[in-house]
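Below is one structure, written out as C-alpha cells; comments come after it.
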Amino acid sequence: MTQLELRNLTRRFGEFTAVDGVNLSIESGEFFTLLGPSGCGKTTLLRMIAGFDSPEEGAIMLEGSDMLGVPPERRNLHTVFQSYALFPHLTVAQNIAFPLRMIGTAKTAIARRVDEALVQVSLAGFGRRFPNELSGGQRQRVALARALVNKPKMLLLDEPLAALDAKLRESMQFELMRLQREVGVTFVYVTHDQSEALALSHRIAVMKCGRVEQVGTPAEVYGAPRNRFVADFIGECNLLDAEVWEIEQGKLALKLGEVLAYAAQGQPVSRGDTGVLALRPEQIAIARSIAPSAELNRFSGTVAELLYRGEVTVYAVDLQGGGQMRALVPNSAPGHERSFKAGDVVDISWRIDAGLFLAE
Amino acid sequence: MGLERMRRRSLLLWAVALLAYLFLYAPLAVVVIYSFNDSRLNAEWVGFTFSWYRKLFRNEEMLLAAQNSLVIALVTSAVSTLLGTMAGFAMHHYRTRLLPILVLAPIAIPEILMGVSLLIFFVLLNFTLGLVSVTLSHISFCVGFVAIVVRARLAGMDESLTEAARDLGATPFRAFRLVTLPLITPGVIAGALMAFTLSIDDFVITFFTAGVGSNTLPLQIYTMVKTAVTPEVNAVSTLLMLLTLTLIMLATRLSPFLLRESR
Amino acid sequence: MAAPAFQETRRGANWLVAGPPLAYLLVFFAAPMLIMVLASLRNPGDFGGLAPVLLEDVAGTHLNLSVESYARLASEFLYTRLFLKSLGYAALATLLCLVIGYPLAVLIARSEKKHRNLLVLLVILPFWSNFLIRIYAWMLLLGPQSGLSQALNSVLNLADIEPVSLLYTPFAVVVALVYVHLPFMVLPLYANLEKHDSALLDAAQDLGANAWQRFWQITFPLSLPGVYAGAALVFIPALGIFAIPDLLGGTQGIMIGNVIKQQFLDTRDWPFGSALSLVLTLAAVGVAGLAAALGRKARA
C-alpha cells in the first residue's frame, strides 16, 4: 500500500535547483533509501517530507492527505538527525519521553513505554544518564528510541550512521534492519554510502542533481543500472566507450576502440548509437589462456597493476586493443590459478550477457 | 587553530605585556590601598584604618545615592533583559533590518549624544527629570548589550535541537520554552548581570537625565571628586569595584561568550 | 548545499517578539536623536532651552527656525579648533592604545589555551570597575603629591627646570583616554589574532622569512580587520568624552564634549549644543563607516 507519494516536487534556492520534479511513491513498511552524492538534493527532499521546508511546486501526499501547510509537529512522522539532536539538558529517559509528553500521555504510561523503548534498543537501565555521558553508538540508539516511542507512521533518517566508525557502523546496520523489521515502521533513509544502501534497503532511489535517476531493488539497481551514472555510482564498474556496430538476434556487437565485443540487448538501440559498455569487475575471469567460446568475450592483455585486498585481488589489465579493465578475483576460489603479477600476459573473458550497453 | 605553540618567547613582548598589565592595575591598586590609609592626604602611607569605611556608612547622602543606584540598576536590569532577550532572539531568527541598527547604535555612538538627546526629549515632553527618567535612559542603552549576549548564545546553540523538538510534536512556543530557553538561560543571566553593572556604573547619561535632586553613586563620586576630595571616595570606589568584580566573575562563569561577544 | 534553517512562516509571531524592543528603542533612542536634529535648527529660548517652533506675532504664525547655530559653528574658528584638538587627542589615544595593546593581544593569542581566558579576563576586569574611579585613580597618580610627580620634579630640579604639573594637562587627558579605552583595542585584536593559522607562519619560515618579516608580511596584514575594529572602538567614544577632560584636563585639555555639556547645562544654549552634538554624531558615524569599509576591504 502506498504510504507516501511525492508528486513532481521541486525546490529551488535562487538560481540553484535542489529538487527537480521528483516523483516517488513509498510503500508502507518498507526500508526505502534515497542514495546519491552530496548536493544531489536527498537531504532537502527529506526535510520537505518532515515539514521543515516547503516545495515550490508539487505535492506531498501522506496516506492520501496533502501535507501542504501542515507544520512538522502535526505530521505524525519523526526524524533521526545526523547529529542525533538529543536534548543535552534532559536525561535519556526524559528525551525518549518527550514526544509522549507532547501528545499528553499519562505519566504512568510514559514511564512504561520509555522502559519498553530502552529495552528495544538494548539500553535498559540507561534512563538516568545524560546524553553527554554516552558514546556515539549509544546516543544513536537513544535518538532511534525517541523517534519510535510513539509509533509514528514513518521514520526519516538523515545519514544516521555517518558519524560512527566502520566497525560500529556495521553492527548498527544490523541493528537498524532488525528494528525496522520488528517494529514494521516505514523507514525513509538518506545516505551517500552505496554499500550501506545496498545492504539495508528494500528499494533504492538513486539521485543526481535533484533528479531521481533510477528506482529499484538493490539487485535491480546493481545488476541492471539504467544509465552510466547509476552504473558508476553503485559499486565498481568498468565503463568503456562503445558504439553500436551491429544488432543481430538479441545480441549487440559493440565497437570498443578498435575491437569488437558482444553484449546482450537490453533497451532498444539503433546502429551508430554511442554509449558505454558497463561490466562489473567480478564478472571477468582472468587466466594464462582461455579457450574461445561463443558465449564469451575474450581478450588478451597485460597485467598493469594489482591490489591485494585480503579476500579478493583487483587486477588492472591493459588490453591489447587499447583500454584498461579491472577484474575482481577471489583469492581462494577452487580452480583459480595462482595469482598474477605486474607484467604478466593474460587472457580475460566475460559472458556476453554480463555486459550492459548503456546510453549516457 | 591559533598561534598555539610558544615560539621563541620574545623577551621584549613579555616585557611590554607585563608593563601593560601593570599600567591597567596600578591605578586601581592605589585607590584600594589609600582607602585604608589613615591620612586625609593621598600622599604617603600613615597607618591602616577602617575609619573611612565607617564614615561612609554614616554618610546620609552617600547611602541615599547608593540606594537610588541599586533600585535603578535592578529595574533597568529586569526590563532590559526582557527586551534584550526578545531582541536577540529576533535578530538571530528573523531577517530584520531596523532592529539591529536601533539596538546596536546606542552602544556605538559616544554616550554624551544619548545623554543630551534624552535631556531634550524629556524636557520637551514636560517629563520631570528624576529617577524615572534615568531608568528609562539606562534601559535604552542596556538592551543592546543583552541582545548581543543572547544572540551569541543562540548562534552557538545547535539549531537541530529546536527542529528535533518540533519534529517530535512541539509547537514553536513549546519548543522555545522546553528546549531553547533552558539552553540560553546562562546567556540571559549573564546579560542581566551585565545590564545591572552597566547601570550601576553609568555616569554620562545619568549626568544629563538626572536633573536636580536625584543622586546616584557615580554622580555622588563625581561631586566629591570635583569639589573636595575626601578619602571616603577611595572607600566607596573600593566597595564599588568589589561589587562589580563579583558580578562579572559570576557572569563570565555562566557565559564564556561574554568575553568575546561583549565588544 | 545545505537546506536553509527552518523559517517561521507566521508573521504575527515575529512582530510579537521583535515589536516591544523595537517600539522601546524608537521612542527612547530614535525619537530623541531626531528631536536633537530638529533642535539644532531652532532658536534658544528666553531663559535657556529651546524657543517654541511656532511663533505668533503681528505677521501671523511662522516657523521659528534658523541655521544660526551652524553659521556660528562655521564662522567662529574657536570651535573648529576645538574639534580638531579633540580629533587629535582621540587619534593620539588610539595610536597609543594600538602600540600598547597589540603586543598584549599577541601575547595572549600565543599563550597556551588554558591560560588565555584568564589573561583576557584580566584585561577586561578594570573595564568593569566604575568609569569615574578609573579617572579618579589617575588624579591620585598624577597629582602633585604622588610619587610619580615628585620623582619627575626632583629630576627636573636637578636640571634646573621649573617643576611641572602632570595633572590638569592635555597629557593627563591622553593618559586617561588610553587607560579607559585600552581593553576595547585589545579584545578585537585578540579575537582576530587567535584565529590565525600558525601553519602560515611555519610556511613563511620554511621559505626563509625571519621573525620581523614574518610579522610584517603575514601577521600584521591578516590582523588589519582587528586593528580597524579596535581603532574604531577607541576613537569614537574618545571623541565625545567629557568626564576625563572635565576632571583631569584643567583649562588646557578641553574637548568638544566639555563644550557640549557647557552649552546644555551652564550656558543653556540648546540649539547650539545640539548643532555641536550633530557634528560630533556625523564625525562618529563617518569614522564608523570608514572603519567598516576598511575592515571589509581587509577581509576580502
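The values are calculated or read from the model by the stated rules, or taken from the named source; none is laboratory data. Please read all numbers here as calculations on a predicted model, not as lab measurements. All Cβ positions, even for glycine, are placed from backbone atoms using ideal geometry, and neighbour counts span all protein chains on display. These area figures cover heavy atoms from the full protein model, side chains too; ligands, DNA and RNA do not enter into them. Shrake-Rupley method; radii C 1.70, N 1.55, O 1.52, S 1.80 Å.
Tabulated data
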| read-out | value |
| --- | --- |
| Qualifying residues in segment C:128-163 (those that are out of contact with any helix residue (DSSP H, G or I) (no Cβ under 7 Å at 6 or more places or on another chain) and among the polar types (S, T, N, Q)) - the one nearest to the other protein chains (Cβ to nearest Cβ) | C:GLN145 |
| Close pairs (7 angstrom Cβ cut-off, 6 or more residues apart or separate chains): outside any loop (DSSP other than H, G, I, E, B) in segment A:265-279, modelled with pLDDT of 85 or more and among the acidic types (Asp, Glu) anywhere | A:THR274/A:GLU243; A:VAL276/A:ASP241 |
| Unmet requirement for A:THR186, which otherwise passes all of (1) farther than 22 Å from A:TRP350 by Cα; (2) touching a residue at least 60 places away in the same chain (Cβ under 8 Å); (3) surrounded by fewer than 21 Cβ atoms within 10 Å (Cβ to Cβ) | (3) |
| Pick from segment C:176-220, criterion of a type outside the set (Asp, Glu) and outside any helix (DSSP H, G or I), ranking: surrounded by the most Cβ atoms within 10 Å (Cβ to Cβ) | C:HIS196 |
| The lone exception for A:ARG74 - which of (1) closer than 23 Å to B:ALA170 by Cα; (2) at pLDDT 90 or above it fails | (2) |
| Number of the exception - B:THR96 against (1) farther than 12 Å from C:LEU22 by Cβ; (2) touching a helix residue (DSSP H, G or I) at 6+ places or on another chain (Cβ under 7 Å); (3) in a loop (DSSP other than H, G, I, E, B) | (1) |
| For A:ALA143: the one exception among (1) within 13 Å of chain B (Cβ to nearest Cβ); (2) without any contact (Cβ under 8 Å) to a residue 60 or more places away in the chain; (3) closer than 29 Å to A:LEU45 by Cβ; (4) among the aliphatic types (A, V, I, L, M) | (2) |
| Test: A:LEU176 is farther than 19 Å from A:CYS40 by Cβ and outside any strand (DSSP E or B) | yes |
| Counted residues, segment A:3-23 - those being surrounded by fewer than 21 Cβ atoms within 10 Å (Cβ to Cβ) and not in a loop (DSSP other than H, G, I, E, B) | 12 |
| Selection from segment A:87-133 of residues that are in a loop (DSSP other than H, G, I, E, B), within 14 Å of chain B (Cβ to nearest Cβ) and open to solvent by 10 Å² or more (accessible area, probe 1.4 Å) | A:PRO88, A:HIS89, A:LEU90, A:THR91, A:ILE103, A:GLY104, A:THR105, A:PHE130 |
| Flag for C:LEU125 being of a type in the set (A, V, I, L, M) and facing another protein chain (nearest Cβ under 10 Å) | yes |
| Residue identified as buried (at least 22 other Cβ atoms within 10 Å of the Cβ) and of a type outside the set (S, T, N, Q) among A:LEU161, A:LEU168 | A:LEU161 |
| Close pairs (6 angstrom Cβ cut-off, 6 or more residues apart or separate chains): within 15 Å of A:GLN82 (Cα to Cα) and more than 7 Å from chain A (Cβ to nearest Cβ) in segment B:159-170, in a loop (DSSP other than H, G, I, E, B) and of a type in the set (A, V, I, L, M, F, W, C) anywhere | B:GLU159/C:ALA5 |
| Selected residue (criterion: surrounded by the most Cβ atoms within 10 Å (Cβ to Cβ)) from residues of segment A:27-43 that are among the polar types (S, T, N, Q) and within 17 Å of the chain's Cα centre (by Cα) | A:THR33 |
| C:ARG110 being surrounded by 13 or more Cβ atoms within 10 Å (Cβ to Cβ), among the charged types (D, E, K, R) and either closer than 30 Å to B:LEU24 by Cβ or modelled with pLDDT of 80 or more (or both) | yes |
| Candidate set: segment B:212-238, residues that are closer than 24 Å to B:VAL134 by Cα and surrounded by fewer than 16 Cβ atoms within 10 Å (Cβ to Cβ); chosen: the one farthest from the other protein chains (Cβ to nearest Cβ) | B:GLY213 |
| Search result, residues across segment C:229-276 that are more than 11 Å from chain B (Cβ to nearest Cβ), of a type in the set (D, E, K, R) and in a helix (DSSP H, G or I) | C:ASP266 |
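For (1) open to solvent by less than 70 Å² (accessible area, probe 1.4 Å); (2) of a type in the set (A, V, I, L, M), each residue gets a yes or a no:
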| site | (1), (2) |
| --- | --- |
| A:GLU248 | no, no |
| A:GLY266 | yes, no |
| A:GLY272 | yes, no |
| A:GLU282 | no, no |
| A:ALA294 | no, yes |
| A:ASN297 | yes, no |
